[in-house]
Structures are given as C-alpha cells and as structure tokens.
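The values are calculated or read from the model by the stated rules, or taken from the named source; none is laboratory data. If you're wondering where the values come from, they're calculated on a predicted model, not measured in any experiment. Neighbour counts are summed over all protein chains in view; Cβ atoms, including those assigned to glycine, are modelled from backbone coordinates with ideal geometry. Please note that ligands, DNA and RNA were not included when accessible areas were found on the heavy atoms of the full protein model with its side chains. Shrake-Rupley method; radii C 1.70, N 1.55, O 1.52, S 1.80 Å.
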Amino acid sequence: MSKDALVSEDLAKKFATEKDTPYTRWIRSEGLDIIGAHYVPNLRTVELKPWARRAGRGVYINHEASRTSNDCYVCEIAPGGKLEPQRQLIEEMVLVLEGRGSTTVRNNAGRSVSFEWQAGSLFAIPLNTWHQHFNGSGRKPARFVAVTNAPSVINTFGEVEFVFGCDHDFASRFDGRPDYFSAKGEQKGLLLQTNFVADAVNLPLISARERGAGGGHIRFNMANGSMNSHISQFPVGTYKKAHAHGPGAHVIILSGEGYTLMWPEGEAPRRYEWQVGSMVVPPNRWFHQHFNTGRTPSRYLAFKHEAVAIRNPQGVPKAWVSRRLGGDQIDYADESAEVRRWFSDALSKNGLAPRMEEAYRAELVELPPKAA
C-alpha cells in the first residue's frame with residue numbers, strides 16, 4: 001500500500017476538479033503562495049511575499065488535510081508600518097512571533113478598543129469586527145502567525161465579498177467594553193477564559209498528568225469563538241504520550257528544543273526536529289509524540305478548530321484517553337521499545353539522560369488492563 005494512498009491517474013482525474021475550491025481560488029487572488037507542509041523549521045524565517053491588499057508581507061502554510069477545516073498564515077508588518085483594516089466572517093487566533101505593536105478593534109456601532117502586544121502575545125480577533133495591526137517599532141519588522149477557519153467559511157458562502165463585507169455586529173462576540181483585551185481571566189478547570197495573553201511563553205500552567213511526564217497544560221477559548229487553543233509544557237529529559245486526533249492542529253514551539261515523531265497507524269514514525277519558532281501540523285488521525293531533548297522545559301502552543309477533538313460521551317477528547325479504554329492515546333507501557341532508545345540517544349548527544357522512570361511507575365498504578 002502506498003504511504004499516501006495514491007491511486008491511478010485515471011481515478012485521480014475523476015476528482016481533479018474537486019481540489020480547486022473558492023478558498024484556494026481566493027488565496028491565489030491574494031497573490032500569495034500556499035506552502036503545502038505539515039512541518040516548518042522556523043516560522044520566524046519562512047519566506048514571505050508582498051501582500052498588496054493588506055499592505056504587508058505574507059504566506060499561507062496549509063497541508064492538504066488542514067486546508068478544508070482551518071488554515072494558517074504568517075504576516076509581517078514593515079518597520080513603522082500598519083496593515084490595512086479589515087473585517088471578516090472568519091474567526092482568527094494570533095501569536096506574535098517577533099516585534100511589538102498594537103491592534104485596534106471596533107464594531108459598526110462605533111465601540112473601539114486598542115491594546116498593545118509583544119513577541120509571545122496571544123489573542124483572537126472577534127468575529128466580523130474591524131481590526132487593524134500597527135508595528136510599534138520604526139526600525140524592526142513585526143511578524144505574527146495566525147490560524148483561522150477561512151477554508152470552511154469561504155467554501156460555504158463562496159463569495160468573498162460577503163465574507164469580508166458583511167456589516168452585522170455580533171454583540172455576543174464583541175461588546176466594546178474597555179477591558180475586553182485585558183490580561184485578566186477566569187480559570188475554570190483547564191480552561192482560562194480570557195481574550196488576551198500578554199506572554200504565552202511564561203504563562204503559569206496547570207498540572208496535567210494525564211498527558212504524562214509531569215507536564216503542565218492550559219486551554220483557551222478566546223473571543224467566544226468555535227476555534228480554540230492550548231499550551232502544554234513538559235520538563236527536561238521527558239516526553240509526552242503519543243496520541244491522535246482530527247486534522248488542523250497547528251503546534252508552534254514557544255520554548256526549548258527537541259523533536260516530534262508523527263506516523264499514520266501501521267507505519268514507521270517520521271522524525272521532525274524543532275526549536276523555538278518551529279511548527280508541526282499532524283495530519284488527520286496520525287499519531288504524534290513530542291520529546292524534549294534540551295536543557296530547559298519545552299513549551300508549545302496548539303491552535304486548532306474544535307473539529308480536531310474527537311470526544312467520548314463525557315466530552316473528554318479521546319486523545320486524552322488510553323487506547324486500552326477505546327481512546328486515542330498510547331500508554332507508555334504500550335509504546336515501541338525503539339521510542340525510548342531513540343530518546344535516550346538524542347539526549348546523550350546533549351550530555352543528558354532520560355528522567356522518565358517516575359512517569360513510567362506512576363502510569364502503572366492506574367493503567368487499565370489490556371483488552372482481550
């Protein structure tokens with residue numbers, strides 16, 4: 001079987017017209033490239049092209065699976081510059097990669113809020129609000145990465161004039177209150193209800209032992225949208241449990257160094273090295289597993305659409321549930337012996353050793369029995 005499930009040219013031609021969509025045609029009309037990748041070594045250095053409509057520079061980074069659910073783009077604002085204002089029937093989450101600046105958000109009723117950001121800031125654009133980004137430095141460009149649900153929205157309506165020209169105010173998404181983008185928030189379980197995080201790299205996290213290795217975790221649902229995100233961190237000498245879920249999770253490295261293994265079930269893992277600024281996007285239902293090989297804790301941000309989460313009847317993502325219980329997470333006890341050997345070898349190159357024994361022992365206490 002081909003690894004990419006390739007078929008004959010005759011069969012492929014029967015579906016050729018379905019690859020072209022209103023969304024892909026819109027991207028071409030913007031004059032931008034789509035990098036069809038599920039791994040980018042560094043978002044901070046990826047090559048950009050002039051984006052005339054927005055008065056900036058940009059590129060889209062979407063592999064085939066995510067292009068139908070949510071997308072990703074990188075945009076740069078020139079020193080002392082600003083992007084053109086726009087509104088959109090599209091949800092959008094933003095991580096600032098480099099630089100500092102500000103954003104103004106307003107609705108048709110005239111309610112306006114401005115806030116400042118820096119590298120590491122995280123926020124969302126409320127649905128169909130006018131918004132404009134400004135570079136606060138006259139010497140250095142500012143760069144951000146954003147994930148949106150544009151593919152499904154543009155493909156649903158088909159007319160970009162409506163998507164970017166609707167004048168309806170969604171009061172439940174943005175009411176114009178002055179503290180809308182303040183850094184305050186209310187913690188409910190793993191969910192932090194806020195519309196702005198000033199510094200995602202140093203934000204305190206909550207223990208999430210279910211993912212293994214003594215890691216920390218926090219989740220967001222910003223601007224009352226259907227898209228969401230989470231931050232995870234794991235200590236030196238440790239790695240996360242392998243798991244699988246739906247398409248479109250964009251995993252961006254915020255701190256540390258290491259690698260990710262990704263593989264479709266039944267095939268050998270493929271290895272992707274990462275550093276601060278790298279991005280991995282696991283294809284639909286591929287298992288993936290993150291490993292910290294550096295001398296500091298590793299932290300990543302995952303932007304995603306709710307469709308990524310395949311949940312059990314209790315509402316728990318199956319990526320958090322052991323495969324022994326019918327979930328999509330591989331317990332340490334069930335992983336390949338090669339996983340541990342590869343990890344030990346990678347650490348030794350940095351003069352480090354694994355610190356996983358406690359995690360292995362802790363798992364055995366609650367490990368479900370294997371199915372017959």
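Multiplying the residue separation of LEU367 and PHE164 by 0.36 nm and subtracting their alpha-carbon distance yields 68.0 nm. Within the listed set GLY258, GLY110, GLY246, the residue fluctuating most in the Gaussian network model of the chain (springs between alpha-carbon atoms under 10 angstrom) is GLY110.
Only helices enter the 222 nm calculation for the chain: every DSSP H run of n ≥ 4 contributes -39,500 (n - 2.57), and dividing by all residues gives -3500 deg cm²/dmol, rounded to 500.
Within the accessible area of region 33-148, the carbon and sulfur atoms contribute 48%, probe 1.4 Å, all protein chains present.
The apolar share of the surface of region 192-299, taken as the fraction of accessible area on carbon and sulfur atoms (1.4 Å probe, ligands and nucleic acids excluded), comes to 50 percent. Longer than 20 Å from Cα to Cα, which of LYS184/LYS304; LYS49/LYS82; LYS184/LYS241; LYS184/LYS318; LYS318/LYS370; LYS82/LYS140 are they? Say none if no pair is. Exceeds cut-off: LYS184/LYS304; LYS184/LYS241; LYS184/LYS318.
Which whole-number percentage describes the relative contact order of region 26-181, with Cα contacts under 8 Å and a sequence gap of 6 or more?
Computed value for region 26-181: 26 percent relative contact order.
Where a ≥ b ≥ c are the square roots of the eigenvalues of the C-alpha gyration tensor, would you call region 25-147 rounded, which needs a/c under 1.5, or, failing that, prolate if a/b is larger than b/c, or oblate? Oblate shape, in that a/c is at least 1.5 and b/c is the bigger or equal ratio. Largest GNM mean-square fluctuation across PRO354, PRO50, PRO204, computed for the chain with C-alpha springs under 10 Å, falls on PRO204. Extending 7 Å from Cα along the Cβ direction at ASP10 and again at ARG295 yields two label points whose distance is 6.2 nm.
For region 253-372, what class follows from the C-alpha gyration tensor (a ≥ b ≥ c being the square roots of its eigenvalues): rounded when a/c is under 1.5, otherwise prolate if a/b is larger than b/c, else oblate? Since a/c reaches 1.5 but b/c is at least a/b, the shape of region 253-372 is classed as oblate. When you filter the trypsin sites (Lys or Arg not before Pro) in region 304-372 for DSSP loop state and at most 13 other Cβ atoms inside 10 Å of their Cβ, you are left with LYS349, LYS370. Compare LEU192, LEU254, LEU95 in a GNM of the chain, Cα atoms joined below 10 Å, and give the one with the largest fluctuation. Most flexible of the set in this elastic network: LEU192.
With a ≥ b ≥ c the root eigenvalues of the C-alpha gyration tensor of the chain, is it rounded (a/c under 1.5), prolate (a/b larger than b/c) or oblate? Mind showing how you got there, number by number?
Numbers: a/c = 1.69, a/b = 1.39, b/c = 1.22.
It is prolate, given that a/c is not under 1.5 and a/b is the larger ratio.
The mean accessible area for residues of region 309-352, using a 1.4 Å probe and ignoring ligands and nucleic acids, is 53 Å² per residue. Using Cα-Cα distances under 8 Å and only pairs 6 or more residues apart, what relative contact order does the chain have, in percent? RCO, the chain: 14 percent.
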